[in-house]
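Step one of this worksheet: look at the structure below.
The values are calculated or read from the model by the stated rules, or taken from the named source; none is laboratory data. Keep in mind it's a predicted model, so treat the numbers as computed, not measured. As a convention, Cβ positions derive from the backbone with ideal geometry for all residues, glycine included, and neighbour counts pool all protein chains shown.
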Amino acid sequence: MDRALLADFLRARREALQPEEVGLPRGSRRRTGGLRREEVAVLAGMSADYYSRLEQQRGPMPSEQMLAALARGMKLSPSEREHLFALAGHSAPRRTLRDEQVSPAMRRIVERLSDTPAMVFSRFGEVLLQTRPAVALFGDYTRFTGMSRYLVYRWFTDPAQRAVYPPEDHAIRGRVFTVDIRAAYTADPTGTAGEIVEALLAVSPEFAEVWRLHEVDVTHHLDLKRYRHPDLGELELYSRRLMDPDEGQDLLVFLAEPGSPSDELLQRLIATSGGDDGN
């Protein structure tokens, strides 16, 4: 437990939190922004003296229940909650991430990318949402069921999935997809990632061989990638990733170098796709 940093963090969050954000009236006598100590105590269901001692570096080590109550009362984000637990000497409870619903923030971003190939992935590699240009470029990735929902599983079991990339890029793509699922597996080996890995080990010797390498990073994972389209041929595109760690979702946006042959092909694809979102 780091009493000084815990006190500093609690004080900073209390002073940044406005009464209106937690359903309290501001009142005409409030001279400064932020909440009072006794208000935080009421929101967290603890005595004002107990909370004050935490901010004064005099309190005992808070229990996990007390920390959870503080996190709720002070409207802490998941990252702030983890930080609070760490400062108090506890491991934060595992986050419950939503794997099947696109977060509202992600959905709003995708809606503004209607003329760009973009996809939202879960942390297991399931595509949750695509724009129409992304469907035109890759096909409808949201149609799959069962284990085939996960990109890494399709890569090692469905030859059609590999048609998106030139054959000479297949080895590196397989390593990249394996690194991605390993990250999810390491975080929760008994959950969905564990089921995917177990299923792949049972049916794909190739996956088993790559899995045994125990790679956690692929240094040759270049930003500029080559994609094959059945009508347009090969395109060279950059993929840019926006991560939402609180929801466990990634947004991938695909862009071409302006004025390049791939950009001309991409613009043609976008024009014929209708440029609407693929929800």
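A few remarks follow.
- Taking the range 114-197 and the helices (runs of 4 or more DSSP H) fully enclosed by it, the elements with 1 or more residues that are free of Cβ contacts under 8 Å to residues at least 12 places away in the same chain are at 151-157, 159-162, 170-187.
Yes/no per residue for (1) under 22 Å from residue 129 (Cα atoms); (2) of a type in the set (Gly, Ala, Ser); (3) surrounded by fewer than 16 Cβ atoms within 10 Å (Cβ to Cβ):
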residue	(1), (2), (3)
176	yes, no, no
196	yes, no, no
209	no, no, yes
213	no, no, yes
217	no, no, yes
228	yes, no, yes
244	yes, no, no
249	yes, no, no
253	yes, no, no
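- If you check 123, 143 for being within 24 Å of residue 193 (Cβ to Cβ) and at pLDDT below 90, only one passes: 123.
- Comparison of 68, 92 shows that the only residue that is modelled with pLDDT of 80 or more and not aromatic (Phe, Trp, Tyr) is 68.
- Residue within the range 1-22 that is of a type in the set (A, V, I, L, M, F, W, C), buried (at least 16 other Cβ atoms within 10 Å of the Cβ), without any contact (Cβ under 8 Å) to a residue 24 or more places away in the chain and in a loop (DSSP other than H, G, I, E, B) present: no
- Residues of the range 74-92 satisfying the condition of being within 17 Å of residue 8 (Cα to Cα) and in a helix (DSSP H, G or I): 79, 80, 81, 82, 83, 84, 85, 86, 87
- Residue 11 vs. criteria closer than 30 Å to residue 274 by Cβ, under 30 Å from the mean Cα position of the chain (by Cα) and modelled with pLDDT of 85 or more: no
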